[in-house]
1. Using the number of other C-beta atoms within 10 angstrom as an exposure proxy, rank Asp318, Asp255 with the fewest first.
2. Quote the FRET efficiency, to the nearest 0.05, computed for Arg486 versus His429 with a Förster distance R0 of 30 Å and r equal to the Cβ-Cβ distance.
3. Sorting Val441, Val73, Val96 on the 10 Å Cβ count, fewest up front, what's the list?
4. In deg cm²/dmol and to the nearest 500, what is the mean residue ellipticity at 222 nm of the chain if only DSSP H runs of at least 4 residues count, each as -39500 (n - 2.57), divided by the residue total?
5. What is the pair-distance distribution P(r) of the chain, computed from all Cα-Cα distances in 10 Å bins starting at 0, with each bin given as a whole percent?
6. Rounded to whole Hz and in sequence order, give me ³J(HN,Hα) for region 321-329 from the Karplus expression 6.51 cos²θ - 1.76 cosθ + 1.60, θ = phi - 60°, writing x for Gly and Pro.
7. Can you pull the semi-axes for region 121-256, root of five times each eigenvalue of the Cα gyration tensor, sorted largest first, whole Å?
8. Mind checking which lysines have their C-alpha under 30 Å from Lys437, skipping anything on the same chain fewer than 8 residues away?
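No lab work stands behind these numbers, since they all come straight from the coordinates. Computed from a predicted model, the values in this text were never measured in an experiment. Note that we place each Cβ from the backbone using ideal geometry, even for glycine, and neighbour counts take in every protein chain shown.
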Amino acid sequence: MAMDAERAEHGTREQLVPTGSGLIRAVGAVVVALSAVAQEYGSGINFVMPHSLESYPGVEGLVPLAMLVAGIVLIPQVVLFARYSIVMPTAGATYVWLTRGLGPYGGFAIAFLWFIGICGAIGFLAYATGTFLGDAAHASGFATQWFTTHTGHLVTGLIAIWLLTALHVSGVKNYGYLIYAAGVLVVVAAAIVIVAGFTASPVSAVGRISAMAGIRAMPQPSHPSLTAFVSVTGLFMFAYGGLDASTSLAGEVADASRNMPRGIVAGWAIALVLYTLVSYALFHAVPWWTALPIVKSGHGYLLTTPALVGMLTPRAVDVFLNMLVALVVVKTIAPQLLDASRFLFAWAQDGFVSDRLAGTNEAHAPAAAVLLSAIIGSLFLLDAVFGGWQIGVALRAISIALVFAGLGVGTLLLAWWPSWRGKREFALHCTRGGFVKAMAVCAVLIGAVLAVSVAHESGTGWYLQPWFQLAVAVLLSVALALRAHRRTISQGGDFYARFQTPPPQ
């Protein structure tokens, strides 16, 4: 009903016109905004945020501020996304913008890293499904640990991935209906946490948590570390990564030049408000100095937002919130799959991967790209179950920072390098105005700082270090780009000319 009403508001949406690539423009600005929120509000706020003190204890009580700052520093990216979405609203848009601004090798390398990060995030989110289902079962009174065993994580994660894969294959309109429902779930879950957190007495909350975890949490003076604060801010970029899900939808949005920028800005604003309120509410009720004793006592599983809030609310609310959060985390996989599959779709259009991935089924869904994304996400689930969760979070965070900086550099090249600008007719439209250029400079600076801040994790093996994963991803991307380059030359084409124009709409 909501989607029908949205089409009625804008007459152009009533005509589901197939694009030249086989996709259909069937959704509007609300789906764009809620796609961002649906991808953002999940494990980042419910798992990564409270666990950040475990990895960066020096941040102490500045965790909520880091969450707010992580959203604010995204303003340059939001501005650039909004501008590019007016000029080049196409599937896998962030990848398209990067390669048209930086060129095929640099742009594809960053986009490839993003793709690996997003597939890693699918695996991590699928893994977290078992954690939150276990919390829901425990809150409901079921004495079972199955959900948090290796088998439980693997089975529940695979079910989540492949059910949502089936939904994607059925068409983008069904994805839109899911996103509307997800938006309602997010608002209800956030409202419960905000009300419970701000109304709880910290003294009473700490007492209940201490008794459950068997710890003695005592107030401590705060001396936060600036380095830890910057690192946590960079880590929280993972939580705001959903903006790219909205841009990847650009090839399926009606009246895209109008609805894409509106949806991008709205999605960012909603996430910023909800994340900030939830973070401050949680740390109001549960001060930072309770987190480390919980971890040291072996009760780290209590460091999730629903587990902490569940100890502050009546049992009925606890059960409902845990079930709700489990659904919220599972639905987050849907926009991740959309993001990854549309990147593959756009790569196929540009010749980096098999052109079969640019095909669509009868529902106008890029089924082959969706299935491949689900397979890769399932492999990362195996990694999360048996190897740890670092790839899904750390690599995702650094890829977001590099997209941030890369898009800024590309914008500056389009604006200030005459020979580069002269070969690209879209350059003037993308870079018009001093404000956009200023935001591009800010994006470069902020992205570089955040990338450096999360490139190394102390106490982590070299093969799980973000910088090592980055190096491997870059080498793979260069190999794919060289292969595409040679194939284009063998066919008598101009590889670089392809990236001086937008792909077919």
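1. Ordered from fewest to most neighbouring Cβ atoms within 10 Å, Asp318, Asp255 come out as Asp255, Asp318.
2. It comes to 0.40.
3. In order of increasing Cβ crowding within 10 Å: Val441, Val73, Val96.
4. Per the formula, -22500 deg cm²/dmol.
5. 4, 20, 31, 26, 13, 5, 1, 0
6. Calculated HN-Hα couplings, in order: 5, 5, 5, 5, 5, 4, 5, 4, 5 Hz.
7. Each semi-axis is √(5λ); the values are 34, 23, 17 Å.
8. Excluding near neighbours in sequence, the set is Lys423.
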